[in-house]
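To keep things clear, I will list the structure first and then write my remarks on it.
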Amino acid sequence: MTYCVGLLLRQGIVLLSDTRTNAGLDNIATYRKMFVFQVPDERVIAILTAGSLSVTQTTLARLEEATETETETIPSILAAPTMLQVAEIVGRTLNAVTREVSERLASMKQSARASMIVAGQRKGGAMRMFLVYPEGNFIEATEDTPYLQIGEHKYGKPILDRVITPDTPLADAEKAVLLSMDSTLRSNLSVGMPLDLAVIEKDACAISRQRRIEAGDPGFAAMSDAWSQALREGFRRITL
């Protein structure tokens, strides 16, 4: 499994994903789950993936191929006039791949499913973020729910519920997604380092900041320790 999270804020978009893929305790590998498509100063699109690796890799391969050779079946997401149409293209492609892979696995009574977060902005348009399901349908982040998660999301959800609003500054948002990931890493072995973090500032139409956080990163470790200490101290202060 994996854990990916995206925040849609007034100042921009913050995205974080892990990179662990496992097919059993003795078959653990690292695969990128964050993919960026951009035309500088014109549009930027980020896609986060969770679920069957064969489905996500095939879907991304087809989307990438369409950016070079657009077809009637799969239009280029870099030519779509709106982010809504980008989400629709991703949804149709993901659904088609899901059905193809599931048909091949049907004889073995297996299925393959994946979901994606699609976020970005085109020049002159609003920042938007969607959660795309295997069936191709999707939901959109709103002011009431300014974040979306896929994969092992339950452990990292509480801190987002408590601290994230549309007005959260980008620096605080980066801290929140990293702490959300830290909680998930501590509670679920199917999520693992390294991590990919990206920030898209409003109207930048490009990735503003991007970094990979490796295992043993001193900044992430210090933040994790500080959060653990703060939780313990807060717990001790509460009386019944």
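Working only within segment 156-188, note down all residues that are in contact with a strand residue (DSSP E or B) (Cβ under 8 Å, 6 or more places away or on another chain) and not in a helix (DSSP H, G or I). Break it down into steps so the answer makes sense when it comes.
Going through segment 156-188, the residues in contact with a strand residue (DSSP E or B) (Cβ under 8 Å, 6 or more places away or on another chain) turn out to be 156-157, 160, 164, 166, 168, 170, 173-174, 176-178, 180-181, 184, 188.
GLY156, ILE164, PRO166, THR168, ASN188, listed by residue number.
Failed condition for ALA23, given (1) crowded, with 17+ Cβ neighbours inside 10 Å; (2) at pLDDT below 90; (3) farther than 27 Å from TYR147 by Cα, with all others met?
(1)
Quick one: which of ILE207, ILE159 is under 25 Å from ARG43 (Cα atoms) and surrounded by 15 or more Cβ atoms within 10 Å (Cβ to Cβ)? Walk me through how you get there before you give the answer.
Working: ILE159 fails: under 25 Å from ARG43 (Cα atoms).
Unique residue meeting the criteria: ILE207.
Just to verify a result, which residue in segment 157-178, among those that are touching a residue at least 40 places away in the same chain (Cβ under 8 Å) and touching an Asp or Glu at 6+ places or on another chain (Cβ under 8 Å), is farthest from SER208 (Cα to Cα)?
Ranking the qualifying residues of segment 157-178, first place goes to PRO166.
For the subset of segment 55-101 comprising residues that are of a type in the set (S, T, N, Q), within 18 Å of GLY151 (Cβ to Cβ) and touching a helix residue (DSSP H, G or I) at 6+ places or on another chain (Cβ under 6 Å), which member is surrounded by the most Cβ atoms within 10 Å (Cβ to Cβ)?
Initial filter on segment 55-101 (of a type in the set (S, T, N, Q)): 56-59, 67, 69, 71, 73, 76, 82, 85, 93, 95, 98.
Filter again for within 18 Å of GLY151 (Cβ to Cβ), leaving 56-57, 59, 98.
Then keep just the ones that are touching a helix residue (DSSP H, G or I) at 6+ places or on another chain (Cβ under 6 Å); that gives 59, 98.
Details: THR59: 26, THR98: 24.
Result: THR59.
Sort out which residues of segment 111-155 are charged (D, E, K, R), under 23 Å from LEU84 (Cβ atoms) and assigned to a loop (DSSP other than H, G, I, E, B), and write them in order of number.
Taking segment 111-155 as the starting set, the residues that turn out to be charged (D, E, K, R) are 113, 122-123, 128, 135, 140, 143-144, 152, 154.
Then keep just the ones that are under 23 Å from LEU84 (Cβ atoms); that gives 122-123, 128, 135, 140, 143-144.
Listed by number, the residues that qualify are LYS123, GLU135, GLU143, ASP144.
If ALA198 satisfies every condition in (1) assigned to a helix (DSSP H, G or I); (2) more than 17 Å from ALA221 (Cα to Cα); (3) touching a Lys or Arg at 6+ places or on another chain (Cβ under 9 Å) but one, which is the exception?
(1)
The values are calculated or read from the model by the stated rules, or taken from the named source; none is laboratory data. Predicted model, so just to flag it, every value in this text is computed and none were measured. Every residue, glycine among them, receives a Cβ derived from its backbone with ideal geometry; neighbour counts consider all protein chains shown.
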